[in-house]
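Q: Encoded as structure tokens, here's the structure I'll be asking about.
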Amino acid sequence: QVQLVESGGGLVQAGGSLRLSCEASGGTFSAHHMGWFRQAPGKEREVVARLWSGNGYYYLDSVKGRFIISRDNPKKTLYLQMDSLKPEDTAVYYCAAALTYTEWSAGNIYWGQGAQVTVSS
């Protein structure tokens, strides 16, 4: 069982930066595929960035060049550095983990509680 706790959300003006952190406990952090999702009001949850345990990356097109996902395995922490933020980035951001690609694809994902990110224009 993996527990995930996000921190670092908040209110920022457009063009500003925030860094989200996700601290994991339980399980073997380095073996898990990790990612960040977000959900804006009235919209479906979408994957923002994903980092496989073997260092394969994925980014949502709208955040490429602005967001960077990284992990510190000894600290069991996942990060999302968000620069040049836009009002459309406003959402609740969720940390996610799964042990295998099959579990990830099936939606058998461990979730954090979410962190609110609000970008004002």
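The values are calculated or read from the model by the stated rules, or taken from the named source; none is laboratory data. Quick caveat: nothing in here was measured; it's all calculated off a predicted structure. Cβ atoms come from the backbone with ideal geometry, glycine included; neighbour counts cover every protein chain shown. Calculation scope for accessible area: heavy atoms of the full protein, side chains included, ligands and nucleic acids excluded. Shrake-Rupley method; radii C 1.70, N 1.55, O 1.52, S 1.80 Å.
Q: Condition (residue is at pLDDT below 95, open to solvent by 70 Å² or more (accessible area, probe 1.4 Å) and over 13 Å from the mean Cα position of the chain (by Cα)) applied to the range 86-93: is it met by at least one residue?
A: Residues of the range 86-93 that are at pLDDT below 95, as a first pass: none.
No, there is no match, as no residue in the range 86-93 is at pLDDT below 95, open to solvent by 70 Å² or more (accessible area, probe 1.4 Å) and over 13 Å from the mean Cα position of the chain (by Cα).
Q: Conditions: (1) surrounded by fewer than 21 Cβ atoms within 10 Å (Cβ to Cβ); (2) closer than 21 Å to residue 120 by Cα; (3) in contact (Cβ under 8 Å) with a residue 12 or more places away in the chain. Residue 38 meets all but one. Number of the miss?
A: Just one mismatch for residue 38, condition (1).
Q: Contact list please: Cβ distance under 8 Å, first residue in the range 11-28 and at negative phi, second residue open to solvent by less than 40 Å² (accessible area, probe 1.4 Å) and among the acidic types (Asp, Glu), pairs at least six apart or on different chains.
A: 20/6; 21/6; 22/6
Q: Does the range 1-35 hold any residues that are under 16 Å from residue 107 (Cα atoms), open to solvent by 50 Å² or more (accessible area, probe 1.4 Å) and of a type in the set (A, V, I, L, M, F, W, C), and which are they?
A: Selection gives nothing.
Q: Can you tell me which residue is nearest to residue 3 (Cα to Cα) among those in the range 55-70 that are open to solvent by 40 Å² or more (accessible area, probe 1.4 Å) and either in contact with a Leu (Cβ under 9 Å, 6 or more places away or on another chain) or touching a residue at least 40 places away in the same chain (Cβ under 8 Å) (or both)?
A: Just the residues of the range 55-70 that are open to solvent by 40 Å² or more (accessible area, probe 1.4 Å), to begin with: 55, 57-59, 61-62, 64-65, 68, 70.
Remaining after also requiring either in contact with a Leu (Cβ under 9 Å, 6 or more places away or on another chain) or touching a residue at least 40 places away in the same chain (Cβ under 8 Å) (or both): 57-58, 68, 70.
On the way: 57: 22, 58: 23, 68: 22, 70: 18 Å.
Among residues in the range 55-70 that are open to solvent by 40 Å² or more (accessible area, probe 1.4 Å) and either in contact with a Leu (Cβ under 9 Å, 6 or more places away or on another chain) or touching a residue at least 40 places away in the same chain (Cβ under 8 Å) (or both), the one nearest to residue 3 (Cα to Cα) is 70.
Q: Would you confirm, using the coordinates I've provided, whether residue 46 is within 15 Å of the chain's Cα centre (by Cα), open to solvent by 50 Å² or more (accessible area, probe 1.4 Å) and not hydrophobic (A, V, I, L, M, F, W, C)? It would help to see each step written out before you state the result.
A: Details: within 15 Å of the chain's Cα centre (by Cα): yes; open to solvent by 50 Å² or more (accessible area, probe 1.4 Å): yes; not hydrophobic (A, V, I, L, M, F, W, C): yes.
So residue 46 passes the test.
Q: Now a separate question. Considering the range 44-54 alone, what residues qualify as being touching a residue at least 12 places away in the same chain (Cβ under 8 Å) and among the charged types (D, E, K, R)? It would help to see each step written out before you state the result.
A: We begin by selecting, within the range 44-54, every residue touching a residue at least 12 places away in the same chain (Cβ under 8 Å); these are 45-53.
Within the range 44-54, 45, 46, 50 qualify.
Q: Cβ-Cβ distance below 7 Å, separation of 6 or more or different chains: which pairs start in the range 95-121 with a residue that is on the phi < 0 side of the Ramachandran plot and end on one that is part of a helix (DSSP H, G or I) and buried (at least 20 other Cβ atoms within 10 Å of the Cβ)?
A: Matching pairs, first to second residue: 98/104; 117/89; 119/89.
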